[in-house]
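Inspection log for the structure reproduced underneath, given as structure tokens.
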């Protein structure tokens with residue numbers, strides 16, 4: 001029986017299902033159905049489970065039926081692992097639901113993957129229908145802390161949040177830190193090398209108004225340095 005999905009996941013599922021349907025390699029067009037809390041809407045086939053953190057935190061599951069699994073596994077380079085075959089579509093889904101960082105992709109039986117998602121405080125599933133019935137599905141589960149955070153954000157009137165969109169904030173990328181004595185500081189000369197508290201290749205920190213919000217890799221864009229975000233930090237982590 002189709003039931004209304006909880007409000008905390010409804011918005012995430014709507015965009016996630018539409019994106020997955022549009023990017024999934026299928027022999028027929030797929031249409032997203034209504035959100036449901038019934039995990040048996042599609043519990044046959046294979047699933048890919050991934051944990052995500054960032055603007056939201058929880059578990060994402062995408063499921064494909066046996067026929068789609070076969071099609072996705074066929075490649076000019078030979079059979080592909082299901083996680084590799086679905087990785088581009090999963091990346092697109094992650095981008096559509098907000099700035100999040102994905103963990104490792106895990107290939108599981110659909111029943112096991114759905115059991116993990118529906119163990120969360122808030123979870124729902126959207127089936128993707130083909131001409132003959134459900135062919136795939138997207139499910140999202142959010143722990144209670146994530147539900148509370150999203151509810152608090154949604155309770156703020158939209159027009160009040162819009163007032164903040166034009167506010168400028170200072171962003172700083174930090175490669176590392178070092179402690180120096182006054183004598184060391186006074187001894188600095190051109191060409192001196194200061195050893196930082198980071199190993200070579202470690203991620204740099206991104207601070208906004210002094211608060212750590214992300215980590216990333218230093219890149220070069222034309223003649224300027226840039227920061228490619230690899231991790232969104234929801235709570236400041238002590239180093």
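The residues of region 179-217 that are within 39 Å of the chain's Cα centre (by Cα), loosely packed, with under 13 Cβ neighbours inside 10 Å and outside any loop (DSSP other than H, G, I, E, B), listed by number, are 208, 211.
Just one of the listed residues (134, 127) is part of a strand (DSSP E or B) and at pLDDT below 85, and it is 134. Filtering region 1-42 to residues that are buried (at least 19 other Cβ atoms within 10 Å of the Cβ) and at pLDDT below 75 leaves 5, 8, 39, 41, 42.
The values are calculated or read from the model by the stated rules, or taken from the named source; none is laboratory data. Treat the numbers as computed from the prediction; the structure is a model and nothing was measured. For neighbour counting, all protein chains shown are included, and Cβ atoms are generated from backbone atoms with ideal geometry for every residue, glycine included.
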